[in-house]
Amino acid sequence: MITITELAGEKLSEMLEAEENDQMFLRVGVKEGGCSGFSYGMGFDDEGQEGDTLLEVNGLKVAVDVESAKYLRGLVIDYKEAAMSGGFTIENPNATATCGCGSSFRTAAAAGNPAADPC
C-alpha cells in the first residue's frame, strides 16, 4: 500500500528514537482541505484507532485510517536532501492534480467538485 524509501525510513527511525517511546508508530493520512481538495498528514502516534490498517514498511510500524486508505494506495514517501535543507516528499499515483507546494492534492473522483479546484 505505502512505500517508504530507505533514506526516508532512516530519517523517520531517527525521529522515532528521539521520542523515547517504543509504542510510537508513524500515522499517515489525508483530510479534506488545502488548495487542491485534500491535504496529507504524517506524524507519530501511540494509540491505534478502530479500523486502522497496520503495516510494517522498512522496519517501521505504520498506521493508516480507514478513510485515508483509498487515497494512499501506491503512495511513496521519500526524503530529499538539499543544500540548505531537506524534507519529506510524497508521490501519490492517485493524485490527478497537486498544489504548487505539494502538500495538497485532488483525485479523479473529486475533479468535478468546485471546492477541490486548485488555487
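Read-outs: derived from the displayed coordinates by stated rules, not from any lab. What you see is a predicted model; the values in this text were computed from it and never measured. Backbone-built Cβ (ideal geometry, glycine too); neighbour counts: all protein chains shown.
Add +1 for every Lys or Arg and -1 for every Asp or Glu among the other residues with Cβ under 9 Å from the Cβ of residue 66, and state the total.
Numbers: positive: 70; negative: 50, 52, 65, 67.
Cβ neighbours under 9 Å give a net charge of -3.
Taking K and R as +1 and D and E as -1, what net charge do the other residues with C-beta under 10 Å from the C-beta of residue 26 add up to? Don't jump to the answer; show the numbers that get you there.
Numbers: positive: 27, 61; negative: 45.
Net charge around residue 26: +1.
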